[in-house]
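Data block below; observations after.
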Amino acid sequence: MIQYRRLFDAPGSAAFTAGSVLARLPMAMAGVSLIVMIATVRGSYALAGAVSATGLAAGAVGAPLIARLVDRYGQARVAVPATVVSVAAGLLLVLLVHEDAPTWALFAAYAGTSATPNTGGMARARWAHLHRDSPESLHVANSFEQVADEVCFMVGPVLAAFLGTTLFPEAGTLVTEALLLAGVLLFAAQRRTEPPVQPRQPGGSLRMPGLAGVVGTFLCTGMIFGAMEVTTVAFTAAHGHASAAGVALALQAAGSCVAGLVYGLARPGGTAAGRFVTGVGAMAVLMGLPLLAGASGSVVALSAALFLAGSATAPTMVNGMALVQERVPAARLNEGMTLAVTGILAGIAAGAALGGTVAQRLGPGAGWGYCIPFVAGALALATALVTAPRRSVRVDREDGAVHLDPPGGRSLTPAQGGQTSPEELHLLAVQHGGGKVEKAGDAVVGEHFGQFAGEQDD
């Protein structure tokens, strides 16, 4: 575990990590806290679900915009005021629920929480800046961040449910907002590790070659998570073990957590794109286990299947985020990673809706809802394969020409010509279809994910 310990040798890294984790825990608490609060006070799960869905939809729009501002003006300058707005909206929601305000006001207030910054993405951006010259250390850091996510989603829902049912209905939401504000303030205060603002290039992040494929794959992955959660809750309740749902889902997160820790200690081979496809493939295959366990009608078998199925999640997410870090220039990194997370959240919403519909119409006891994660896994694999790199990029340091491999008789000479810096070569390759650029002798090598604009025969 010495590799993980070395991550925190950089001054300020332990403090920004603590702030990041503290600010991410509320993300895992928010959904359960909201549902407990509204369902208890207003007596309607339908209203609670509708308000929650509105918040997810608003977040899908607002989060990338906040991330774009972070890239443009810096993490601390944007994250702190955005968090203040989000916390104010959350506290207003508590007041409106308590005072029996009109229903429309609940939707409006919760939509304001979409200003919450993506602290996990900002933390990964800091690691990418700190370890920009060490791919091995960055791999360990990305694995650690994924494990932190899993731990938050193991602890968060349980803590939220405990607070809302043991103390008073609004307790979970109030603690959520307090933790979010404290975490972001601590995170933003660590200015030594904050990445510098980079000159922004025109265009949107989704236009970066290959990024849309990662977001599409994560959309399908989110459908797995959403359908798995709803189906598991319905399945265990139908078999008379409603309280076992939390344990079963925690085992799924535990499987991912263990896999993430082990994967971070391994030396990755091949390209991030290849590892990503392999991880998605393993995840797609393992989604068959909950389907088989559901058919058996055994909650114990299901729990074991979920633990094994979760083992592919962390490696897949680690390599997916590594791909985003490779394909998106530093000036758009927070936006790129937030778009990836937004894809997951949108998938979770869609998967939960589909899972609930299947459980309602076909009966929860038979576990037919586990067909959705299985199909979504297959769709994720198909998306990853279609968008996988077909060729690589080689940028000659002598003349700055970008060559495609395997040799196809095509190259692209940059308009500026002549010698270029490594940063300029990186940006050039990304702008014209490349991924991460690595030095290889007198050339720079990267991955190619699309056709070069303006390719010409040699």
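The values are calculated or read from the model by the stated rules, or taken from the named source; none is laboratory data. Not measured: the values here are computed from a predicted model. Glycine also receives a Cβ, built like all others from the backbone with ideal geometry; neighbour counts cover every protein chain displayed. In case anyone asks, the SASA skips ligands and DNA or RNA and just uses the protein heavy atoms, side chains included. Shrake-Rupley method; radii C 1.70, N 1.55, O 1.52, S 1.80 Å.
Any residue in the range 66-84 that is outside any helix (DSSP H, G or I) and open to solvent by less than 10 Å² (accessible area, probe 1.4 Å)?
yes
Of everything in the range 234-275, what is open to solvent by less than 10 Å² (accessible area, probe 1.4 Å), touching a Leu at 6+ places or on another chain (Cβ under 8 Å) and within 29 Å of Leu7 (Cβ to Cβ)? Give them in sequence order.
Selection gives Gly255, Ala272, Ala273.
What about Leu219, is it assigned to a helix (DSSP H, G or I), closer than 30 Å to Arg72 by Cα, modelled with pLDDT of 90 or more and of a type in the set (A, V, I, L, M)?
When the stated conditions are applied, Leu219 passes them.
Across the range 265-314, what is the number of residues that are under 26 Å from Ala248 (Cα atoms) and not in a helix (DSSP H, G or I)?
5
Does any residue of the range 296-312 turn out to be open to solvent by less than 30 Å² (accessible area, probe 1.4 Å), without any contact (Cβ under 8 Å) to a residue 60 or more places away in the chain and closer than 24 Å to Asn118 by Cα?
yes
Could you check the range 322-366 and list, in sequence order, the residues that are among the basic types (Lys, Arg) and open to solvent by less than 20 Å² (accessible area, probe 1.4 Å)?
Once the filter is applied, which keeps residues that are among the basic types (Lys, Arg) and open to solvent by less than 20 Å² (accessible area, probe 1.4 Å), the range 322-366 yields Arg327, Arg332.
Output yes when any residue across the range 93-112 is touching a Ser or Thr at 6+ places or on another chain (Cβ under 9 Å), open to solvent by less than 20 Å² (accessible area, probe 1.4 Å), of a type in the set (Gly, Ala, Ser) and modelled with pLDDT of 85 or more, and no when none is.
There is no residue in the range 93-112 that is touching a Ser or Thr at 6+ places or on another chain (Cβ under 9 Å), open to solvent by less than 20 Å² (accessible area, probe 1.4 Å), of a type in the set (Gly, Ala, Ser) and modelled with pLDDT of 85 or more.
So how many residues does the range 102-144 have that are in contact with a helix residue (DSSP H, G or I) (Cβ under 8 Å, 6 or more places away or on another chain) and either among the β-branched types (Val, Ile, Thr) or not in a helix (DSSP H, G or I) (or both)?
Residues that pass the stated criteria total 9.
Within the range 248-284, work out how many residues are charged (D, E, K, R) and over 18 Å from the mean Cα position of the chain (by Cα).
Residues flagged as charged (D, E, K, R) and over 18 Å from the mean Cα position of the chain (by Cα) within the range 248-284 amount to 1.
Quick one: Ala178 ticks every box in (1) farther than 30 Å from Leu93 by Cβ; (2) open to solvent by 10 Å² or more (accessible area, probe 1.4 Å) except a single one, so which number is it?
Of everything listed in (1) farther than 30 Å from Leu93 by Cβ; (2) open to solvent by 10 Å² or more (accessible area, probe 1.4 Å), Ala178 misses just condition (1).
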